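Novice: Pasting in a structure now, in structure tokens, and then I'll have a few things to ask.
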Amino acid sequence: MRQLFLPTLFITLAAGLLYGQSAESTPASQSGIDLSAIDKTSDPCTDFYQYACGNWLKNNPIPKEESHWGRFSELHERNQKILRQIAEESQAHISRSPLDQKVGDFYGSCMAEDEIQKLGTKPLADELNRIKNIQTQKDLVDEIARLHERQVGALFNFGSSPDPDNAKMEMAGLDQGGLGLPEKDYYFRTDANSIELRKKYVAHIAKMLGLIGVPSAEAQKKAATIMKIETDLAKGSLDVVQRRDPKSLVHKYKTDQLAQVSPDFNLREYFTALEAPSFNVVNIAAPDFFKTLSKVVETYKLGPIKDYLTWRYISSSARALPKAFVDESFDFYGRTLTGTQELRPRWKRCVQMTDAELGEAIGKRYVEETFGKEGKARTLEMVNEIEREMGKDIESLTWMTPETKKQALVKLHAVTNKIGYPDKWRDYSTLNIVKGDYLGNMYRTNQFDTKRDRNKIGRPVDRAEWEMTPPTVNAYYDPTQNNINFPAGILQPPFYSNKADDAVNYGAIGAVIGHELTHGFDDEGRQFDADGNLRDWWQKKDEEAFTKLASCIDEEYSSFQPLSGVHIRGKLTLGENTADNGGLRLAYMALMDSLAKRTEGQQQKDGYSTAQRFFIGWGQIWCENERPESERLLIQTDPHSPAKYRVNGVVKNMQSFTEAWGCKPDQSMFAAPGKSCRVW
Ligand SMILES: [Zn+2]
């Protein structure tokens, strides 16, 4: 299952929203900034995002098969092509290794569209029969355990997660789940757009049931009941903002107390059915949800619950089924939810799935082919510099008492970093990948993952493990491990280039590093100590000062309105906005210190000063066009602000930006002394 305390990512790559189209090489410039992206007709002090990205935005419309298209997408696209080549070679190679066999045959079984078409719904039959044959509560518990082992999101989630009070050990955890819409609030919003979306969702469920042969009128009736079940589950769930408070997710129960929480769904029987390692204490992230779950199981009886399980199973299987299922699933989750017009080409979907399911197999080859030693060494050097700046920053804070400063420095010095790829690769030897059985392969890889996760319960946390695959264009901070992680996939242009000058590299990858580091000290991360335990190490006075400074950022971003009538959710995005603000400031300090040590110092290049190039470097990683449907979805669910505000929201808080561009007090990007927000 998802970890209890999610690692905080640099960007969100929502499932199924990966990119297409080819990347053009960056036009030559002396410093590495993209001169052709800049809109020189606009004023950097009025709208810096438009200045840094205006021409790029105009010249890079969103491809039909994408929900958004930006600089991240271009890099992702390059990575996809490399992965495709590896997957195709692994498929064809005569004397291939066992790892190549798995990668090649997984990818090949996904690409075999004609065979999948011929098989029709046959691969679903066994599981659908099992669901149909459920007669007793015990059968129900057993089937849910089976579905969970295959990672079908039914009713709730279970898995291992670090113990919040002893982050060195893994413990068992139960959490809410089972919804087909993006999150709780989708079931209850009363605006016209949301009501329409729910109608389309119910119609989608009915159509999916129709595809396995349920007659239309019956399918519609069943879909309406399934929607009622999900709405009840949503009622008992925490929303995305509530889930950002780590303390609200910790409720430890002895296993013999579970009947009090969930009298009508036997959780202990469920653990037995799962063959989980034995344990006496389990953390329940949302106890009210399990009370609701128990009531749902009691109220709806077996018939409707079986229909609900059928729906969840075919929905998670859709991508491995014939065209009609793929198209119907895309129609709702792609077209309706994100505004994407066309399905991505098959090879891209298959590369995406191979990376998702066998990421450290295909990723190992990816690293061998792409990742240079220089990139790793330079990144590590920058990480060290930026950590030093954060130390200086903490020491210089006027709002923090010496006692808390001491603790903050202990935490900072305990941060570890992982760069590029795992030291020890995942062992896939027990996983069986069968040629020509895509659905089976998908569920076998899921089972492999579930077992790996579940067997951790009661054992020490393996801090060498990665939460992201090596080709991923992203980065993360893990609060329970107090580490920052940068996969090989992001250590490339436009984030890092050995051809770009320092100003541009610090504005891009430097800011990413600063961002991840700051996550350890944002409103969520600050609640964990140096060892990753959820423990309060703050003096009360400092906590109050922090909250006040953070509320400035909350208010600033809440005032932004990316779509008419839709504001950024300041509390949902607070951690990310804090990290962006702190990250860019730290990167700037590191750049200036690093230049001061060298003889060449600051120089004019491409018509820009060092500081100006630094800010353009930051601005240009965010050049991105987005469909309004997708933007709405992300504003409601994503802890990151939209690209434009990740740029403008930060620079208008920085005095150094105002100085670099000579902004005037009446201009939007002007950082008014004493009025702009700053936490770190
Ligand atoms: Zn982040």
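A short reminder: the numbers here are calculations on the coordinates, not readings from a lab. It should be emphasised that the depicted structure is a prediction, and the values quoted were computed from it without experimental measurement. Cβ: placed from backbone, ideal geometry, glycine included. Neighbour counts: every protein chain shown.
Novice: I want the local charge near residue 502. Using Cβ-Cβ distances under 13 Å, sum +1 for each Lys or Arg and -1 for each Asp or Glu among the other residues.
Specialist: Counting the neighbours of residue 502, the net charge comes to +1.
Novice: Take the alpha carbon atoms of the stretch 300-327, find their center, do the same for the stretch 373-449, and report the distance between the two centers in whole angstrom.
Specialist: Centre-to-centre distance over Cα atoms comes out at 36 Å.
Novice: In the stretch 424-484, which trypsin sites (Lys or Arg not before Pro) fall in coil by DSSP and have 16 or fewer other Cβ atoms within 10 Å?
Specialist: 424, 435, 463
Novice: Now a separate question. Stretched out fully, how many nm does the piece from residue 664 to residue 369 gain, at 0.36 nm a residue minus the Cα gap?
Specialist: 101.3 nm
Novice: Using a Förster distance of 45 Å, how high is the FRET efficiency between residue 540 and residue 424, based on the Cβ-Cβ distance and rounded to 0.05?
Specialist: Calculated value: 0.55.
Novice: Checking the a/c ratio against 1.5 first, then a/b against b/c, what shape does the Cα gyration tensor give for the stretch 414-518?
Specialist: The shape class here is oblate.
Novice: Provide, for the stretch 388-456, the number of lysine pairs with alpha carbons under 20 Å apart, each pair being eight or more places apart or on different chains.
Specialist: Here the count comes out as 5.
Novice: Let me ask you something else. Extending each Cα 7 Å along its Cβ direction at residue 248 and residue 302, get the distance between those two points in nm, one decimal.
Specialist: Result: 3.8 nm between the two label points.
Novice: Using Cα centres only, tell me the gap between the stretch 660-680 and the stretch 348-362 in whole Å.
Specialist: Centre-to-centre distance over Cα atoms comes out at 44 Å.
Novice: Run the quick spin-label model on residue 269 and residue 235: label points 7 Å from Cα toward the beta carbon, then report their separation in nm to one decimal.
Specialist: With each label point 7 Å from Cα toward Cβ, the separation is 2.5 nm.
Novice: Among the lysines, which fall within straight-line cross-link reach of residue 254, defined as a Cα-Cα distance under 18 Å, with same-chain neighbours fewer than 8 residues apart omitted?
Specialist: Those lysines meeting the cut-off are 291.
Novice: Only loop residues by DSSP count here, and only those with at most 16 other Cβ atoms within 10 Å; note down the chymotrypsin sites (Phe, Trp or Tyr not before Pro) in the stretch 145-199 that meet that.
Specialist: Within the stretch 145-199, the qualifying chymotrypsin sites (Phe, Trp or Tyr not before Pro) (loop, at most 16 other Cβ atoms within 10 Å) are 188.
Novice: Once amide H atoms are built 1.01 Å from N in the peptide plane, which residues 5 or more positions from residue 539, or in another chain, come under 5 Å H to H?
Specialist: 404
Novice: Let me ask something else. What's the lysine pair count for the stretch 60-156 at a Cα cut-off below 30 Å, pairs eight or more apart or interchain?
Specialist: Lysine pairs satisfying the spacing and distance rule in the stretch 60-156 number 9.
Novice: For the stretch 602-653 and the stretch 191-211, compute the distance between their C-alpha centroids and round to whole Å.
Specialist: Centre-to-centre distance over Cα atoms comes out at 35 Å.
Novice: Under the rule a/c < 1.5 gives rounded, and otherwise a/b versus b/c splits prolate from oblate, where does the stretch 53-140 land using the Cα gyration tensor?
Specialist: It is oblate, given that a/c is not under 1.5 and a/b is not larger than b/c.
Novice: So, one more: Straight-line reach from residue 301: which aspartates and glutamates have a Cα under 12 Å away, not including same-chain ones fewer than 8 places off?
Specialist: Those aspartates and glutamates meeting the cut-off are 264.
Novice: Still on this structure, please answer the following. With the dipole of the stretch 541-662 worked out from charges on the C-beta (+1 for Lys and Arg, -1 for Asp and Glu) around the Cα centre, which of 602, 633, 546 lies farthest toward the positive end?
Specialist: The Cα lying farthest towards the positive end belongs to 602.
Novice: Within the stretch 530-648, what is the number of lysine pairs with alpha carbons under 24 Å apart, leaving out pairs fewer than eight places apart on the same chain?
Specialist: Value for the stretch 530-648: 6.
Novice: Can you list the trypsin sites (Lys or Arg not before Pro) in the stretch 76-171 that are in a DSSP coil and have 16 or fewer other beta carbons within 10 angstrom?
Specialist: 96
Novice: Continuing with this model, one more query. So for the chain, taking the charge dipole from beta-carbon charges (+1 Lys/Arg, -1 Asp/Glu), which of 320, 123, 280 sits furthest toward the positive end?
Specialist: Toward the positive end, the furthest listed residue is 123.
Novice: Along the positive direction of the dipole of the chain (beta-carbon charges: Lys, Arg +1; Asp, Glu -1; about the Cα centre), which of 447, 180, 140 reaches farthest?
Specialist: Farthest along the dipole direction, towards plus: 140.
Novice: Something else about it: Looking at the square roots a ≥ b ≥ c of the eigenvalues of the Cα gyration tensor of the stretch 479-583, which shape do they give, rounded for a/c under 1.5, prolate if a/b is larger than b/c, or oblate?
Specialist: oblate
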